[in-house]
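Asker: Let me give you the structure first, and then I'll get to my questions.
The values are calculated or read from the model by the stated rules, or taken from the named source; none is laboratory data. All values reported here derive from a predicted model rather than from experimental measurement. As a convention, Cβ positions derive from the backbone with ideal geometry for all residues, glycine included, and neighbour counts pool all protein chains shown. Side chains are part of the model used for accessible areas, which takes the heavy atoms of the whole protein and leaves out ligands, DNA and RNA. Shrake-Rupley method; radii C 1.70, N 1.55, O 1.52, S 1.80 Å.
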Amino acid sequence: METLEYFLPQVWFVILALFLFLYVMLDGFDLGVGILSLTSSDEERRSILMTSLSNIWDANETWLVLMAGGLFGAFPLAYGTILNALYIPVFLMVFGFIFRGVAFEFRELANRKLFWNFAFGAGSFTAALGQGFALGAVLAGIPVDNTGHFIGKTWDWLNIPSVLVALTLIQGYVLIGSTYLIWKTTGELQETHYKTAKIAAWTTLIGAIFITITTPIIYENARLKLFQQPLVYIFAVIPLLGIWLIWQLLKSIDRKEERAPFVWTILLFVLSFIGLGLIVFPYIIPNKITIYEAAADPSSLVIMLIFIGFLIPVMLFYNLYQYIVFRGKVTGDGYGK
């Protein structure tokens, strides 16, 4: 039993990290495309952007639902504490999802699409902003009492580091959205997103550098973790790998490659998640509550693991299948040449 109590929380930490990564990667380009739609100069461009998402965007958000359900079942203490501390960022995210979803459907039926176009872009931006604030607040640490319950204030999540994380996350979403559109579009519209991808690559890099520099300065616990042996060598390599990946991304954009920019961007997200995971582990709420303290009963974790073990392959197969079916280019009369 002691082995299970030690091993199962680690397994669920990895599963939740996988769910979060798949959500950020897949729905990230959805949100990025939505934000980019705000910059579209005409209705045909916006139609192409939204058509590129029409058959896949609902399934992408399923990973967030799975992560929330998994967190509730596997680490109920952390679930309650995080939601209690982050009501406003979570509300922003949910409101953005609702506004975005309604706009996506209503736009198809509306004769005057201007309002719904703006609603879709604004909803995407709001959802991304809420996610960034939530991520920044969790990484900064949530104040809790001896029993692990939230004892902070309503606006504790709003601070300079969380704003920096939110803005950088938005830039990351714009980057992956731009590289996705490079893959899915042609002609003048594709050329436009080669430009937005390059701009987003630089702004994301600048934000990542600021976060990397300021995190050990502001947070003592992070500083101790970053300079702990042997992790210090890993944390020294991660920024170098990140710069190399950005360089490869920029080179692929300059060479006008279609798929490579998207692949390099995904690798950047993978590297970022590895770094975050190493900084956070073994805490589910950084430096406050460990995965062992917040874990549910081992029997519950085993039962959930059995069901999730069947569900994950089904979800992965479905996602892969839909991307294979809808793998072609999306074109319009003026931008498909």
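Asker: Applying the selection to segment 286-307, what residues are within 25 Å of Gly275 (Cβ to Cβ), at pLDDT 85 or above and out of contact with any strand residue (DSSP E or B) (no Cβ under 7 Å at 6 or more places or on another chain)?
Answerer: Tyr292, Glu293, Ala295
Asker: Applying the selection to segment 76-89, what residues are within 10 Å of Ala134 (Cα to Cα) and open to solvent by 40 Å² or more (accessible area, probe 1.4 Å)?
Answerer: Across segment 76-89, the qualifying residues are Leu83, Tyr87, Ile88.
Residues checked against (1) assigned to a helix (DSSP H, G or I); (2) over 30 Å from Phe75 (Cα atoms); (3) open to solvent by 70 Å² or more (accessible area, probe 1.4 Å):
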| residue | (1), (2), (3) |
| --- | --- |
| Ala197 | yes, yes, no |
| Gly207 | yes, yes, no |
| Pro239 | yes, yes, no |
| Ile243 | yes, yes, yes |
| Phe262 | yes, yes, no |
| Leu268 | yes, no, no |
| Asn287 | no, no, no |
| Glu293 | yes, no, yes |
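Asker: Another one. Taking the condition hydrophobic (A, V, I, L, M, F, W, C) and either open to solvent by less than 20 Å² (accessible area, probe 1.4 Å) or part of a loop (DSSP other than H, G, I, E, B) (or both), does Ala127 pass?
Answerer: Numbers: hydrophobic (A, V, I, L, M, F, W, C): yes; either open to solvent by less than 20 Å² (accessible area, probe 1.4 Å) or part of a loop (DSSP other than H, G, I, E, B) (or both): yes.
Yes: the conditions hold for Ala127.
Asker: Could you tell me whether Ile56 is open to solvent by less than 30 Å² (accessible area, probe 1.4 Å) and at pLDDT below 80?
Answerer: Yes: the conditions hold for Ile56.
Asker: Of the residues that sit in segment 317-337 and are open to solvent by less than 80 Å² (accessible area, probe 1.4 Å) and more than 18 Å from Thr179 (Cα to Cα), which one is modelled with the lowest pLDDT?
Answerer: The residue in question is Gly334.
Asker: Taking only segment 271-285 into account, find how many residues are in contact with a strand residue (DSSP E or B) (Cβ under 8 Å, 6 or more places away or on another chain) and open to solvent by less than 30 Å² (accessible area, probe 1.4 Å).
Answerer: Adding up the residues that qualify gives 2.
Asker: Let me ask something else. Which residue out of Leu139, Leu175 is in a helix (DSSP H, G or I), in contact (Cβ under 8 Å) with a residue 40 or more places away in the chain and open to solvent by 30 Å² or more (accessible area, probe 1.4 Å)? So that I can check it myself, show each step before the final result.
Answerer: Details: Leu175 fails: open to solvent by 30 Å² or more (accessible area, probe 1.4 Å).
Every option except Leu139 fails the conditions.
Asker: Given the criterion over 16 Å from Ala127 (Cα atoms) and aliphatic (A, V, I, L, M), identify the matching residue among Leu64, Leu77, Leu92.
Answerer: Leu77
Asker: Applying the selection to segment 161-171, what residues are over 20 Å from Leu83 (Cβ atoms) and either more than 20 Å from the chain's Cα centre (by Cα) or not β-branched (Val, Ile, Thr) (or both)?
Answerer: Pro161, Leu164, Leu167, Gln171
Asker: A further question follows. Within segment 228-275, restricting attention to residues that are more than 17 Å from Thr203 (Cα to Cα) and among the basic types (Lys, Arg), which residue is nearest to the chain's Cα centre (by Cα)?
Answerer: Arg259
Asker: Which residue out of Val165, Val138 is in contact with a Gly (Cβ under 7 Å, 6 or more places away or on another chain) and more than 19 Å from Ser37 (Cβ to Cβ)?
Answerer: Val165
Asker: From the list Gly32, Gly28, Gly73, which one is within 30 Å of Pro298 (Cα to Cα) and of a type outside the set (D, E, K, R)?
Answerer: Working: Gly32 fails: within 30 Å of Pro298 (Cα to Cα); Gly28 fails: within 30 Å of Pro298 (Cα to Cα).
When all the criteria are applied, what remains is Gly73.
Asker: From Asn117, Asn146, which residue is touching a residue at least 24 places away in the same chain (Cβ under 8 Å), more than 26 Å from Phe21 (Cα to Cα) and not hydrophobic (A, V, I, L, M, F, W, C)?
Answerer: Unique residue meeting the criteria: Asn117.
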